[in-house]
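Notes for the one structure printed next.
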Amino acid sequence: MSTLQEAPPEARRLSLPVATLIGLLALAAALGVGHLVAGFVGYTASPFIAVANYVVDHSPTAVVKWAERTLGTWDKPVLKAGLAVVLVLLALLAGQFSRRTPRAGQVLVFVLGAAGVAAVYARSDLGQVSLLAPVAALVAGLAVFTYLHRTALSRESAHQGAALSRESAHQGAALSRESGAQGASRREFLRAGVGVAAGSGIAAVVGQVAGTSTNAEDSRAAVGPLVPARTEPPLPADADFAKLGSPPFLTPNADFYRIDTALVVPQIRAEDWSLKIHGMVDREVTFSYADIRDRPLVERRVTLTCVSNEVGGPLISNAAWIGVDLADLLDEAGVRPGAEQMFATSVDGWTCGTPANVALDRARGAMLAIGMNGEPLPVEHGFPARIVIPGLYGYVSATKWVESLEFTRWDARQAYWLSRGWAEQAPIKTESRIDTPSGFAGVTAGKVRLAGTAWAQHTGIAKVEVRLDQGPWQPATLSAEVSKDTWRMWWIELDVPKGTHQASVRATDQDGYTQTENRADPVPDGATGWHSVTLDAR
């Protein structure tokens, strides 16, 4: 009498598709549950977002420079897509390494979960309760991986048992029983897989809705019109040469460059926002949005420039900012002698170190801005409030979503970019660029018009010169000077013969400094060099 033989344990092995599916479903469960819990304890505690933020915060300077130069404003979407690909590949490996036993996959799932916990723990803008999100993700990922692996292996065992039963002398009844067991196991695995996929999706959606329920746009719309008590004079008619190819003098909010480390734009309601001034001050003071909104407001046109801007680059824009003089707020706190830096912190944990003497200098015109080009700050540009300080690169002067100003010494606190090798003092360098024609443009031989932009914030532009190939420098026509803190437009007509030629531009500021020809990378304190374009004249 033959009996049904049980498959030896070493022969039990998951198929490649099943093992792959288990890894992917465990990843989906971990991310979905983590996102769900983060929706209630802190949106950026979502493991995926936390790990992405950690990558941003700890990427080498060379990588950051490459991303900004190559990807521009697409750097964050590319990072998220890249991280998603890496996680999927690791999930696939977790499944593949566990075709016989779940141990290797469980270890990999645990390591990934622990990375999420560490990433959240490292965030200064998240409290301890936020650790619940990555811990829940870790537990969910391990539980789903273990359960699906056991279920699938049971199914595989039933399948192998049925195969062995076919070789037995009395296989009919045994085959029937084993086939039934195999079908039941298959159905159990499919039900479990579908349930995990559906549950993960629902969890992610609920977490997304809960985490983004705070809508700063509603609060921004409720601010109403911002009417400055001190307004700028009307713009002169020739403030720009936009019709000739220069940018408009005021950059539309939608076109204003955006460079920051925020993967998720902070959603802060005006009624929940406050600014604390503390540290080396006579008295700690805190201002609400209403405190700032109800003060006499000032309008000031200021051009901002990113230190990462390459020669001829686009990371410069100009706006009419509305807010209050920062010096008025600092006077109420009473900054003590010996304070060397104003250490600003954003609600997302980003930090910025500004020379204290510049922040305190009334002639500099530093502002706490709440408006931009006649409307409340756009959310992506710092609503409810941001710092604007003319003449310094943005990484030391333009903290968005600011919530804290601490006065301290340079050796006591090190800001985000200073800890990555950028300069402590960061005055904007005198530079210029050709906006039209673009590089390698085809032009008609003869008179060719060139137009562009020059800037030397807080010093002012005195002249701009352009030359063709190695010919003499020729003075360009300048737009009216609106402010020493804003850019200045120029245009010129050159006689361009047939052939390929190179046009170059240089600016001289009102201190008499002519920008250098020598090329320097943005690190550590801004790029230098003449901007040139190649013209193909026919």
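Per-residue answers, yes or no, for (1) touching a helix residue (DSSP H, G or I) at 6+ places or on another chain (Cβ under 7 Å); (2) at pLDDT below 95; (3) under 22 Å from A527 (Cα atoms); (4) of a type outside the set (F, W, Y):
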{"residue": "T436", "(1), (2), (3), (4)": "no, no, yes, yes"}
{"residue": "G439", "(1), (2), (3), (4)": "no, yes, yes, yes"}
{"residue": "G442", "(1), (2), (3), (4)": "no, yes, no, yes"}
{"residue": "A476", "(1), (2), (3), (4)": "no, no, no, yes"}
{"residue": "W487", "(1), (2), (3), (4)": "no, no, yes, no"}
(request) Select the strands (runs of 3 or more DSSP E) contained entirely in the stretch 436-535, then report the ones holding at least 2 residues which are among the charged types (D, E, K, R) and surrounded by 17 or more Cβ atoms within 10 Å (Cβ to Cβ). (result) 461-468, 499-509
(message) Being β-branched (V, I, T), crowded, with 18+ Cβ neighbours inside 10 Å and modelled with pLDDT of 95 or more is the requirement here; does V281 meet it?
(response) yes
(request) Out of the residues in the stretch 220-241 that are aliphatic (A, V, I, L, M) and surrounded by 14 or more Cβ atoms within 10 Å (Cβ to Cβ), state the one that is farthest from R293 (Cα to Cα). (result) A239
(message) Which residue is modelled with the lowest pLDDT, if the candidates are limited to the stretch 121-135 and must be hydrophobic (A, V, I, L, M, F, W, C) and crowded, with 22+ Cβ neighbours inside 10 Å?
(response) L126
(request) Please tell me if A254 is within 22 Å of the chain's Cα centre (by Cα), modelled with pLDDT of 95 or more, of a type outside the set (V, I, T) and outside any loop (DSSP other than H, G, I, E, B). (result) yes
(request) Could you check, for the stretch 410-427, whether at least one of its residues is in a strand (DSSP E or B) and either crowded, with 17+ Cβ neighbours inside 10 Å or at pLDDT 95 or above (or both)? (result) yes
(request) Report the residue count in the stretch 479-504 for those that are touching a residue at least 24 places away in the same chain (Cβ under 8 Å) and under 14 Å from F241 (Cβ atoms). (result) 10
(message) Can you list the strands (runs of 3 or more DSSP E) lying wholly within the stretch 261-309 that have 2 or more residues being hydroxyl-bearing (S, T, Y), on the phi < 0 side of the Ramachandran plot and without any contact (Cβ under 8 Å) to a residue 40 or more places away in the chain?
(response) 285-288
(message) On the basis of being in the same structural domain as K400 (by TED's automatic domain parsing) and of a type outside the set (D, E), does L235 make the cut?
(response) no
(request) Determine whether the stretch 63-73 contains at least one residue that is at positive phi and under 25 Å from the mean Cα position of the chain (by Cα). (result) yes
(request) Please specify each residue of the stretch 49-83 satisfying the condition of being surrounded by 23 or more Cβ atoms within 10 Å (Cβ to Cβ) and closer than 30 Å to G193 by Cβ. (result) I49, A50
(request) Go through the stretch 232-244 and give me each residue that's in contact with a Phe, Trp or Tyr (Cβ under 7 Å, 6 or more places away or on another chain) and part of a loop (DSSP other than H, G, I, E, B). (result) L235, A239, D240, F241
(request) Within the stretch 396-429, track down each residue that is under 16 Å from L304 (Cβ atoms) and not aromatic (F, W, Y). (result) V396, S397, A398, T399, K400, V402, A426, P427, I428, K429
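The values are calculated or read from the model by the stated rules, or taken from the named source; none is laboratory data. From a predicted model like this one, the values you see are computed outputs, not experimental measurements. For neighbour counting, all protein chains shown are included, and Cβ atoms are generated from backbone atoms with ideal geometry for every residue, glycine included.
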